[in-house]
Amino acid sequence: MHKWKSVNPHRLRQLFLRCDLNRLCRFIGLSVCKGVCHPSITQNRKYRADSQTNQISFPQINHLFKCNEYSYKVNGYEGRSNSPVLGFDSNLLPSNSPPEDRWSAVTCLQSRGMLFGVFDGHGGYACAQAVSERLFYYIAVSLLPLKTLVDIEDAVEKDRPVIPILQWHKHPSDHPSIGSNAGKRYFSSLRSYWQELIDLGEDEDRDIQDALVKAFRRLDNDISLEAQADFGEDFSCYAPLRVALSGCTACIAHLDGTHLHVANLGDSRAMIGVQENNGMWSALTISNDHNAKNPMEVRRLHSEHPRSEKATVVRHDRLLGLLTPFRAFGNIKFKWSSELLMHVCERRQEMLSGNDIASMFPPEAHTPPYLTAEPEVTYHRVRPQDKFLVLATDGLWELMHRQNVVQVLGEHLTGIHWQKPVSGLSLTLGQMQTLLAERKTRALSALEDANSATHLLRHALGGDGFGTVDTEYLFRMLNLPQDLVRMYRDDITVTVIHLNQPVLEGNCNGSKTIVNLI
């Protein structure tokens with residue numbers, strides 16, 4: 001019997017999709033003799049590749065990559081020349097229909113700093129949408145001084161205009177997806193939160209780490225409480241119970257001067273692109289994944305539940321054998337007791353099918369909660385050699401290594417990939433002509449993707465591993481039928497924050513500090 005090699009599943013999918021049978025067989029440890037392949041297999045493979053390539057044109061590819069892109073320049077709008085952020089690029093390439101990823105970006109108007117976040121939904125998009133619209137308000141309120149909170153409450157009480165606390169930066173097609181009832185409910189929950197902060201009477205400078213943790217916990221608690229309340233005949237996708245039944249991970253960055261705080265919940269990631277004095281690029285990851293690949297997360301779960309559940313709490317690298325991330329918003333079936341789940345099911349039977357009710361009770365769930373919405377907070381002092389910050393959902397990291405991400409972005413931003421001198425190379429005239437034509441194509445491609453997130457998505461789907469895009473492979477990836485595309489990739493959401501080097505050089509002492517705070 002043949003002994004199969006241990007293989008990288010993503011690389012296996014790549015070779016399969018590229019229709020490279022010889023390399024595929026070599027990769028998994030089989031030998032292939034020339035001409036031995038069954039004719040029907042090769043013919044079918046060739047027919048499928050040709051038919052898919054003709055389904056979509058190059059302009060259509062560009063449209064798919066660009067239709068969700070968004071770019072924002074800080075100085076061009078706010079006049080904040082002393083901001084550590086020059087601007088940012090964001091993009092979302094869907095796999096699910098509708099997509100379950102979301103992203104958000106805001107400027108904090110009553111406190112310093114900017115907030116960026118990516119949100120990876122699962123079990124639907126309702127929770128990711130709700131969290132992307134609500135979390136930054138909770139963070140902003142957590143950071144406001146007591147006097148400002150009192151002024152806001154006084155304005156609401158007397159029905160006067162409330163001072164804005166956030167300036168949102170959104171894609172032109174974005175719009176609040178919540179209805180008026182949901183908006184009132186969200187505002188009521190947020191108001192209860194700031195009223196509690198006022199009652200506590202703490203008027204010290206707000207600690208960012210503490211504020212981030214409190215905001216995450218409180219929003220998740222409000223999502224849970226709203227799902228238990230009766231808000232009438234709300235059958236929309238954003239009904240409280242639907243939001244709570246689905247879930248999402250979140251990776252948030254708060255940048256204020258040279259102070260960067262990242263609050264991560266789940267398996268999205270934050271990473272900094274670093275360029276040293278010699279021009280070399282390196283990747284600095286400033287978040288940890290919360291899944292079975294993180295031994296500390298596995299130990300945490302084992303310590304929180306009886307020894308009798310050691311074999312079931314993490315099974316098949318999933319929480320209770322069902323959920324990949326070990327931290328997330330929503331997903332109440334991993335947090336509530338079976339009694340509370342049954343009570344809500346009995347009260348809202350009109351919203352739940354038989355399959356929905358059956359899936360709400362995970363087997364082997366004896367000592368909930370199993371899932372937490374407490375983020376892991378990391379601090380980093382931004383330095384002049386830190387050129388950009390990348391926030392991305394796990395769909396990107398499944399396709400690209402972090403060093404490849406930094407290299408692609410670094411070369412895109414500096415243009416060095418197609419500007420290197422050709423002197424010293426022994427080339428024929430024909431080879432030189434080919435090289436110059438290729439460089440022209442690369443230059444045009446680099447200029448075409450003015451949005452760094454779009455450029456990264458193009459390489460994530462079609463990169464050949466050597467800094468160029470395999471157009472034929474890109475065609476195939478984008479021509480996958482909707483019922484198959486999820487087998488090859490997830491929704492991918494990327495935000496690239498460009499750092500303001502003159503400001504960093506003037507305010508930073510060059511020291512590096514990375515501390516896990518929670």
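Here is how the numbers come out for the structure above:
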item	result
Inter-label distance for residue 501 and residue 228, nm, one decimal - labels placed 7 Å from Cα along Cα-to-Cβ	5.4 nm
Carbon and sulfur %, accessible surface of segment 233-340 computed with the full protein complex present, 1.4 Å	52 percent
Extended-chain gain in nm, criterion 0.36 nm per residue less alpha-carbon gap, residue 280 and residue 158	38.1 nm
Using a Förster distance of 45 Å, the FRET efficiency for residue 67-residue 187 (Cβ separation, nearest 0.05)	0.90
Qualifying aspartates and glutamates (Cα of each under 13 Å from Cα of residue 333; at least 8 residues distant if same chain)	356, 364
Distance between modelled label sites at residue 486 and residue 307, nm, 7 Å Cα→Cβ extension	4.1 nm
Gained length - residue 428 relative to residue 359, 0.36 nm times residue gap less alpha-carbon distance	18.2 nm
Segment 102-184, accessible area per residue, ligands and nucleic acids excluded (1.4 Å, Å²)	42 Å²
Rounded accessible area per residue of segment 249-296, 1.4 Å, Å²	33 Å²
Cleavage-rule hits (GluC sites (Glu not before Pro)) in segment 219-318: DSSP loop, at most 13 neighbouring Cβ within 10 angstrom	233, 276
Fully extended contour minus Cα-Cα distance, from residue 171 to residue 300, at 0.36 nm per residue	42.6 nm
Accessible area (Å², 1.4 Å probe, nearest 10) - residue 429	150 Å²
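The values are calculated or read from the model by the stated rules, or taken from the named source; none is laboratory data. None of these values were measured; they are calculated from a predicted model. Here the Cβ is made from the backbone with ideal geometry for all residues, glycine too, and neighbour counts use every protein chain on show. Accessible surface is based on the protein model in full, side chains and every heavy atom, while ligands, DNA and RNA are left aside. Shrake-Rupley method; radii C 1.70, N 1.55, O 1.52, S 1.80 Å.
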